[in-house]
Amino acid sequence: MSTDLVAIAGFVALFVLMLLRVPVGMAMGLVGVGGTAYLIGGTPALKQVGHTSMRSVTDWNFAVVPLFLLMGSFATNSGMSRELFRAANAYLGQLRGGLGIATIAACGGFSAICGSSVATAATFSRVAYPEMRRYGYPQSFATGVIAAGGTLGIMIPPSTVLAIYGIITEQDIGKLFIAGVVPGILAVLMYMATITAIGRLQPGYLPEGKRAPWSERLASLRDVWATSLLFLFVIGGIYGGLFTPTEAAGMGAAGAFIIGVARQRLGRKEIVLSLLEATRTTAAVFTVLIGALLFGYFLTITQVPQKVTEFLVGLGIGRYGVLALIMIMYLVLGTLMDALAMIILTVPIVFPVIMALGFDPIWFGILIVMVAELGLIHPPVGMNIFVIKSVVEDVKISTIFYGVLPFLITDLLRLVILIAFPILALWLPSQM
């Protein structure tokens, strides 16, 4: 059997395993090892399993993932999300749809110290949803806002998805983090504008809140110093060249721990819970990562990346036409699989195409994360949707998807803007 047929058989086997509900990391690992064993023998394939696993869990660069996840766990369990929401609501709650706008602002702030979209969505399902329902916001709107706000977790630095992309493509993770700042702020502003537009087009749909007195506003600002300090410490250290991203992750985790303990927000119970959460999430991420690396070796043997590059470059539709095809592919894949798995699986295939077409790899990393954001709230999978459903049990999945539709349109518009104006992602990294 030719290598082309083996590669096709591998992809078919992968999607069959995924349809059978085999975890995507295990599915990629099984297909990768099986395909490699068929092509070069069982002994080299099994040796590759041990070598890849050991190299992944002991690589210094990969330490950025568990450390940022630990920082996010400490921040979550020390109550920083509630403080952010309270402060945002004090300043924005009086607007029509103000609680929704405040939720987006708080999600953006929390994303700056968390790095996980799923954690952001789960956290604000507990923090913001009860408040919005108490003031009469429709279920679809309340859950849609939280789902959209949750996606900011993988765009605004520090982002575990951007870190993984940087490791796979051997790009500067620090520059990737900094490149996500302006697109992340743009996402927050466009989500807020979407809520404002909904409020104006349907005046009776969203309620207005009460204006908070200045004493309450100033008091709320005193509560968010910890979040601001932690973000400036981590990202400022990377931008200023004081830390590498891995060192910044370690400093951020230590900083979140010290702040939480000093404010008496992290007791023994919360510390143990944070360690367990970070460990479970890290194990899941590394399972996907190791599986994808094993599958990547199989793809290298069959020369799939080179053949895909030759095919797409030879289509004669121009480089932006090829980029459009890649974006459409990611939108389709986002309906079928988890964002992290999608990026780990596909980047080794499409990245050579992007380099051959002369696109900037940092800018492309931001584009991929934006499309992955869409996958988090796009039917029929939408990881954030199911996370919210697991927390808010009395809401239907269809209700959440209905509420998120306006934000999907906003995301597509933002994607077009970033493709048209790469400077939005590249200016800050160019100043490092």
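According to the square roots a ≥ b ≥ c of the eigenvalues of the Cα gyration tensor, what is the shape class of the range 187-239, taking rounded for a/c under 1.5, prolate for a/b larger than b/c otherwise, and oblate for the remainder?
Note, shape of the range 187-239 comes out oblate.
When the chain is treated as a Gaussian network with alpha carbon springs shorter than 10 Å, the biggest mean-square fluctuation among Arg268, Arg82, Arg280 belongs to Arg268.
Based on the Cβ-Cβ distance of Val57 and Trp214, what FRET efficiency does E = 1/(1 + (r/R0)^6) give at R0 = 41 Å, to the nearest 0.05? Once rounded, the FRET efficiency stands at 0.20.
One decimal place: the segment Ser430-Leu232 gains 69.4 nm when fully extended, by the rule 0.36 nm per residue minus the C-alpha distance. Computed from backbone phi, the HN-Hα couplings of the range 389-394 come to 4, 5, 8, 9, 6, 8 Hz, rounded to whole numbers (Karplus: 6.51 cos²θ - 1.76 cosθ + 1.60, θ = phi - 60°; Gly and Pro given as x). Averaging Cα coordinates gives a centre for the range 11-29 and one for the range 91-115; these two points are 37 Å apart. Applying a DSSP loop filter and a limit of 11 other Cβ atoms within 10 Å to the trypsin sites (Lys or Arg not before Pro) in the range 155-262 leaves Lys210. Shape class of the range 1-57 from the alpha-carbon gyration tensor: oblate, with a/c at 1.5 or above and b/c at least as large as a/b. Each other residue within a Cβ distance under 13 Å of Gly150 adds +1 if Lys or Arg and -1 if Asp or Glu, for a net charge of 0. Compute the FRET efficiency between Ile328 and Tyr135 as 1/(1 + (r/R0)^6), taking r as their Cβ-Cβ distance and R0 = 35 Å, and round to the nearest 0.05. Taking R0 as 35 Å, the efficiency between Ile328 and Tyr135 is 0.35. Label separation (Ala356 vs Thr300): 1.9 nm, computed from points 7 Å beyond Cα along the C-beta direction. Annotation: extensible slack from Leu413 through Glu310 equals 34.1 nm (criterion: 0.36 nm per residue apart, minus Cα-Cα distance). In the chain, Cα pairs under 8 Å separated by at least six residues give a relative contact order of 26 percent. Computed from the C-beta positions of Arg200 and Ala283 and an R0 of 41 Å, the FRET efficiency is 0.30 to the nearest 0.05. Can you tell which of Gly50, Gly209, Gly334 shows the greatest fluctuation in a Gaussian network model of the chain with Cα springs below 10 Å? Per the Cα network of the chain with a 10 Å cutoff, Gly50 tops the list. Does the range 240-399 come out rounded, prolate or oblate, given a ≥ b ≥ c as the square roots of the eigenvalues of its C-alpha gyration tensor, rounded meaning a/c under 1.5 and, failing that, prolate meaning a/b above b/c? Prolate shape, in that a/c is at least 1.5 and a/b is the bigger ratio. Distance from the C-alpha centroid of the range 275-293 to that of the range 119-178: 19 Å, rounded to the whole angstrom. Carbon-plus-sulfur accessible fraction, the range 1-82 (probe radius 1.4 Å, protein heavy atoms only): 71%.
Near Ser430, once Lys and Arg are set to +1 and Asp and Glu to -1 for all other residues with Cβ below 11 Å from its Cβ, the sum equals 0.
If you take the Cα centroid of the range 255-274 and the Cα centroid of the range 414-431, the two points sit 37 Å apart. Extension gain, Ala420 to Arg21: 0.36 nm times the residue separation minus the Cα-Cα distance gives 139.8 nm.
Each residue of the range 346-358 is assigned a 3J(HN,Hα), and the resulting list reads 9, 4, x, 8, 8, 4, x, 5, 4, 5, 5, 7, x Hz, derived from the Karplus form 6.51 cos²θ - 1.76 cosθ + 1.60 (θ = phi - 60°), x at Gly and Pro.
Taking label positions 7 Å along the Cα-Cβ direction at both Thr3 and Lys47, the computed distance is 1.9 nm, reported to one decimal. Of the residues Ile388, Ile154, Ile167, the one that moves most in a GNM of the chain with alpha-carbon contacts below 10 Å is Ile167.
Across the range 312-318, coupling constants 3J(HN,Hα) worked out from phi with the 6.51/-1.76/1.60 Karplus curve, θ = phi - 60°, read 5, 5, x, 5, x, 10, x Hz, and Gly and Pro carry x.
Lys and Arg at +1, Asp and Glu at -1: add these up for the other residues within a Cβ distance under 11 Å of Asn61 and post the number. Local charge sum for Asn61: -1.
The values are calculated or read from the model by the stated rules, or taken from the named source; none is laboratory data. These numbers were taken from a predicted model, which means no experiment stands behind them. Reconstructed Cβ throughout: ideal geometry from the backbone, glycine too, with neighbour counts over all protein chains shown. Surface accessibility is based on the protein's heavy atoms, side chains included, excluding ligands, DNA and RNA. Shrake-Rupley method; radii C 1.70, N 1.55, O 1.52, S 1.80 Å.
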